[in-house]
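A quick write-up on the structure given underneath.
The values are calculated or read from the model by the stated rules, or taken from the named source; none is laboratory data. Everything quoted here is computed from the prediction, not taken from an experiment. Cβ atoms come from the backbone with ideal geometry, glycine included; neighbour counts cover every protein chain shown.
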Amino acid sequence: MAILILAEHENGRLEAATPSVVSAARLLESDVHVLVMTSEAHGEILAQQAATIEGVTDVKVVTAPYLEAQLTEDLAAQTQAVIARGGYRYVMMSSSYKGKRVMPYLGAQRNTDIVADITKIESEEMFVRPVYAGSLLVAERLKGEIKLLTVRANAFPPAKIQTQAAPIEVLAPTPPALTPPHEIRCVERSGPSSSRPELSRARIVIGCGLGVGENGMPFVRKLADKLDAAIGVSRAVVEEGMASSEFLLGQTGKIIAPELYIAIGISGAVQHLAGIKDSKVIVAVNSDPQAPIFQIADYGIVGDMREVIPALIGLL
Amino acid sequence: MKILVPIKRVIDPSFKVRLKPDHSGLDMTYMKMVMNPYDEAALETALQFREQGKATQVLTVSCGTEESVETLRTTLAMGADEALFVETRQAMTPLVVARLLKAVAVREECALVLIGRQGMGSDGNQVGPMLASLLGWPFVPFAETLTLEGEKVRARCKTDHGFETLETTLPTLVSTELRLAVPRYVSMPNLMKAKKRKIPSVAAEALGVDMDMNVAIVQLRAPPERRRGMVLPDAATLVQRLRTDTQTV
């Protein structure tokens, strides 16, 4: 029996999450198939990338012009068609925004519950996932012939990329799932508004709280340039209209696990800590020695960021 | 045009949840329950559509035990026209909730469902897509802005890399981000008025849906605690520590 993984990609590039989902899948089955659903322009290149992930035994690729929009309904319908070919025990995807909309949709179509955002696999039907923003873990048992899971990618090490490639099979697309007048049109798409590394895959992330302020931002940017770091923000910063919600860290934003997280001017509300507490090393710079962030930081500096950060930049 | 807004009762997200010492469940001492903040944003948007004459009625619905009635009362105080309580003592998975909500949406002839993208706490992100799937309606996920002109729906939605603008037509299900709308303040007179309203209830069984589930919570666990580290005197010591102890810079 095999596992089907829905590949995630953007602009013809496979997302870093997919090799991590492959690692998770290999804990369950040795036969790991990756399904690439995309526009005609990107099908071949994405299939080739997926085929070189270590542990992948087969790649299925489906291309159609309307798959460019990556609508939930179409991705679910295509996946259903592949599952119907038989042989699958699990269907997996990362718990990205895309995974969060596609997998439950598919679950309801197949009349099965799913386990979302798993961080640990304990047996072929027992999965652990964080709830209450990581304040608790629940172990859930999922029954059923074909089990649907979404995986928190940064909880599993990415599988390596190798030179050897798995076979690629091209499948015919199913018709569009939605028909006029009830179709969905994707009329505009914007990529990340920053040229820095993406938050969920950056090796180093700098988090900015209200304590940084408009005046402090130039220092933060300089530090980020020096470290090739991504910049995230706390909810307060988004609420003040100082940053777009795409940079929000925490329970209601992005959940990250970089090698190094540097929290600047962030006090550390429960919801924020939930999003960053799986970072390998946490550094906090805050003028308030009582700030809750210091309770989980590996290293803290109590002081004015306008002095500490320039000093740091000078030393790096 | 009737809008359905499903409502979940959750632990106030500013509280830190803890397990009971024997790990049998959550320690609910001193915990405060509130309306799921994502659902509040959905309800506020629905109310604005009705006030702009784009919808005729806003119906809220909550599934579960009797405590949910109190949360539904808050929705009436905010301005919902009607509330419906779907009563069951049975544990429910997101799929069971979606089946119940589908029955309500069909019975009440709603054309738009606005639903919080996740329950704060369970953090599942499941009922919205499941309900869209069961209804067979176009699914507009993670909306940060939403406009409704006649039958036309347009939303700016969050993606993994930024945003996309989706357009569709009613009937539609939209899952909402917190930033979609700031919920209005509930005034004391409105709260008093809502207290006098009778909230109709229906037994889950009476909706004729399958209450079977294929996932169950087996165990609750406390995550490993992160230890408090050390406070360093200056940037130089920090850089030295990061270089020698962690090799991260």
* To do: Specify which of the listed residues (A:Tyr97, A:Tyr90) is of a type outside the set (A, V, I, L, M, F, W, C), closer than 29 Å to A:Leu199 by Cα and without any contact (Cβ under 8 Å) to a residue 12 or more places away in the chain.
  => A:Tyr97
* Structure fact -> In region B:153-168, residues that are crowded, with 18+ Cβ neighbours inside 10 Å, facing chain A (nearest Cβ under 7 Å) and part of a strand (DSSP E or B) total 5
* To do: For region A:77-85, indicate whether the set of residues that are buried (at least 24 other Cβ atoms within 10 Å of the Cβ) and either facing chain B (nearest Cβ under 8 Å) or touching a residue at least 40 places away in the same chain (Cβ under 8 Å) (or both) is non-empty.
  => yes
* Filter region B:119-152 down to residues that are more than 9 Å from chain A (Cβ to nearest Cβ), surrounded by fewer than 20 Cβ atoms within 10 Å (Cβ to Cβ) and out of contact with any Lys or Arg (no Cβ under 6 Å at 6 or more places or on another chain), then give me how many there are. => 3
* **Failed criterion for A:Ile309 (all others in (1) closer than 25 Å to A:Ser193 by Cα; (2) surrounded by fewer than 24 Cβ atoms within 10 Å (Cβ to Cβ); (3) within 11 Å of chain B (Cβ to nearest Cβ); (4) touching a helix residue (DSSP H, G or I) at 6+ places or on another chain (Cβ under 6 Å) hold)** => (2)
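Suppose we filter A:Thr163, A:Thr150 for residues that are buried (at least 19 other Cβ atoms within 10 Å of the Cβ) and assigned by TED's automatic domain parsing to the domain that holds A:Val61; which single one remains? Step through it out loud before you land on a result.
Details: A:Thr163 fails: buried (at least 19 other Cβ atoms within 10 Å of the Cβ).
On inspection, the qualifying residue turns out to be A:Thr150.
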* To do: Kindly indicate the residue of region A:167-194 that is hydroxyl-bearing (Ser, Thr, Tyr) and within 22 Å of B:Thr145 (Cα to Cα) and also surrounded by the most Cβ atoms within 10 Å (Cβ to Cβ) among those meeting that condition.
  => A:Ser194
* Consider A:Arg101 carefully, then state whether it is surrounded by 15 or more Cβ atoms within 10 Å (Cβ to Cβ) and more than 7 Å from every other protein chain (Cβ to nearest Cβ). => no
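Give the residues of region A:28-49 that are in contact with a helix residue (DSSP H, G or I) (Cβ under 7 Å, 6 or more places away or on another chain) and crowded, with 20+ Cβ neighbours inside 10 Å, sorted by residue number.
Our first condition is that a residue be in contact with a helix residue (DSSP H, G or I) (Cβ under 7 Å, 6 or more places away or on another chain); within region A:28-49, this holds for A:32, A:34-40.
Selection gives A:Val32, A:Val34, A:Leu35, A:Val36, A:Met37, A:Thr38.
Kindly indicate whether any position in region A:180-194 is away from chain B (no Cβ under 14 Å) and in contact with a Lys or Arg (Cβ under 9 Å, 6 or more places away or on another chain).
Keep residues of region A:180-194 that are away from chain B (no Cβ under 14 Å), which gives none.
No - not one qualifying residue is present in region A:180-194.
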* To do: Would you please name the residue that is farthest from the other protein chains (Cβ to nearest Cβ), looking only at residues in region B:102-117 that are surrounded by 24 or more Cβ atoms within 10 Å (Cβ to Cβ) and not hydrophobic (A, V, I, L, M, F, W, C)?
  => B:Gly116
* Asked: Quick one: in region B:190-215, which of the residues that are touching an Asp or Glu at 6+ places or on another chain (Cβ under 8 Å) and surrounded by 13 or more Cβ atoms within 10 Å (Cβ to Cβ) is farthest from B:Gln90 (Cα to Cα)?
  -> B:Ser201
* Scanning for something within 27 Å of B:Ser133 (Cβ to Cβ) and more than 13 Å from the chain's Cα centre (by Cα), does region B:22-45 turn up at least one residue? -> yes
